[in-house]
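J.: Please find one structure pasted underneath; my questions will follow.
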Amino acid sequence: MSTGFFWDERCFWHGGGNYSFTLPVGDLVQPGGGLPENPETKRRLLNLMHVTGITADLAMLDAPAATDEDLGRVHPQSYLDRFKDASDTGGGELGLRTPFGAGGFEIAALSAGLAKAAVQSVLTGAHRNAYALSRPPGHHCLPDWPNGFCLLNNIAIAVEAARAEGLLGRVAIVDWDVHHGNGTEAIYYDRADTLTISLHQEHNYPLDTGDAVDRGRGPGLGTNLNIPLPPGTGHLGYVAAMDRLVLPALTAFEPHAIVVACGFDASAIDPLSRMLATAQTFRTMTAQIQRAANEICDGRLVLVHEGGYSEVYVPFCGHAVLEELSGSQITAPDPFDATFMARQPGPRFDTMLSDWLDALEAEHAATP
Ligand SMILES: [Zn+2]
């Protein structure tokens, strides 16, 4: 039993739109630069894996695209038709900052297919755990509204495909991408069989979602957990939030498997956040969640790639996660470790964060 790693070169070929950073080009915005969500962060992670040779300790795999039936369990046919039509006629933009080119539909279905295969491989026992290098990402995508670079909700598609095959009952989705997992939350807000947990920088993206008081609705009341964190949260803050809020919720929920929406955009030099996580932070969070999975659900753990926009740093953060997941002794020492660990928040911030987590605990307990 090894770690399955699912990827496909075509996922790096997704693109579209005429942006300079997150601004559409025009008027005073000079063309050039492109969206922060570009292939390089993911491709450079894969390149680093090839250079260190950690690929020899992983099962490197591809996967078929998610089928129309798979997509239809999460997204309405009307949205899928509009997406496919635009994709067949050169590309377009159907939501907010989700441009795609010709064939974008097929690439997005492939990205979801990687997540689906990763979940299946763990649930069938083919692999102990798995990582899907999905692109485009998925966690912002609502059933009928793509946003935040996300065109299909990869994790929900994977989870529902596994359920349709009778492989999966209760599942917990832990989202440590620095942005709120608004799409995943919306899809499962009324569902009692799916625990959705999102750690995110408060008031980053989206601006109007991700509050701690949003705990789910109807049968799903209590199965949504938002953990908005203050800008500047670093290594100790993330580890504490996992220990104090995430792990107890997982233990109480008793899922059959844990899926992580694994973004690397809480890193100290990410252009889309103001956090101070390091490669050590992602390694430690992986160890924490792996211990929880071992205790709760026989180690069944799948990570699906989401955001992360530092071309230089994502590869080292991702490599650390894969070392931890697979137990490989092949390392890629973080060249920024000394710099970023020396610049972590001080004791005053730690005291403030401890109070902050106390307040979140109280808000979670009060609702419902
Ligand atoms: Zn993100």
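Each value in this text was obtained by applying a stated rule to the coordinates, not by laboratory testing. All values reported here derive from a predicted model rather than from experimental measurement. Glycine gets a Cβ as well: all are built from the backbone with ideal geometry, and neighbour counts include every protein chain shown.
J.: How many of the residues in region 41-90 are within 18 Å of residue 5 (Cα to Cα), touching a helix residue (DSSP H, G or I) at 6+ places or on another chain (Cβ under 9 Å) and in a helix (DSSP H, G or I)?
T.: Result for region 41-90: 13.
J.: Can you name the condition, by its number, that residue 351 falls short on among (1) over 25 Å from residue 249 (Cα atoms); (2) of a type in the set (Val, Ile, Thr); (3) free of Cβ contacts under 8 Å to residues at least 60 places away in the same chain?
T.: With (1) over 25 Å from residue 249 (Cα atoms); (2) of a type in the set (Val, Ile, Thr); (3) free of Cβ contacts under 8 Å to residues at least 60 places away in the same chain applied to residue 351, the lone miss is (1).
J.: Which of the residues spanning region 258-267 are touching a helix residue (DSSP H, G or I) at 6+ places or on another chain (Cβ under 8 Å) and either closer than 20 Å to residue 42 by Cα or within 16 Å of the ligand (Cβ to nearest atom) (or both)? Break it down into steps so the answer makes sense when it comes.
T.: Going residue by residue through region 258-267, those that are touching a helix residue (DSSP H, G or I) at 6+ places or on another chain (Cβ under 8 Å) are 258-262, 264, 266-267.
259, 260, 261, 262, 264, 266, 267, listed by residue number.
J.: In region 69-99, which residues are under 23 Å from residue 302 (Cβ atoms) and surrounded by fewer than 18 Cβ atoms within 10 Å (Cβ to Cβ)?
T.: Residues satisfying the conditions are 69, 72, 73.
J.: How many residues does region 221-244 hold that are assigned to a helix (DSSP H, G or I), surrounded by 19 or more Cβ atoms within 10 Å (Cβ to Cβ) and more than 16 Å from the ligand (Cβ to nearest atom)?
T.: The total comes to 4.
J.: Next question. Filter region 268-326 down to the residues that are within 16 Å of the ligand (Cβ to nearest atom), over 22 Å from residue 118 (Cβ atoms) and in contact with an Asp or Glu (Cβ under 9 Å, 6 or more places away or on another chain) and list them by number.
T.: 271, 272, 273, 275, 277, 309, 310, 311, 313 - these are the residues of region 268-326 that are within 16 Å of the ligand (Cβ to nearest atom), over 22 Å from residue 118 (Cβ atoms) and in contact with an Asp or Glu (Cβ under 9 Å, 6 or more places away or on another chain).
J.: Go through region 53-70 and report how many residues are among the hydroxyl-bearing types (Ser, Thr, Tyr) and more than 15 Å from residue 131 (Cβ to Cβ).
T.: Of the residues in region 53-70, 1 are among the hydroxyl-bearing types (Ser, Thr, Tyr) and more than 15 Å from residue 131 (Cβ to Cβ).
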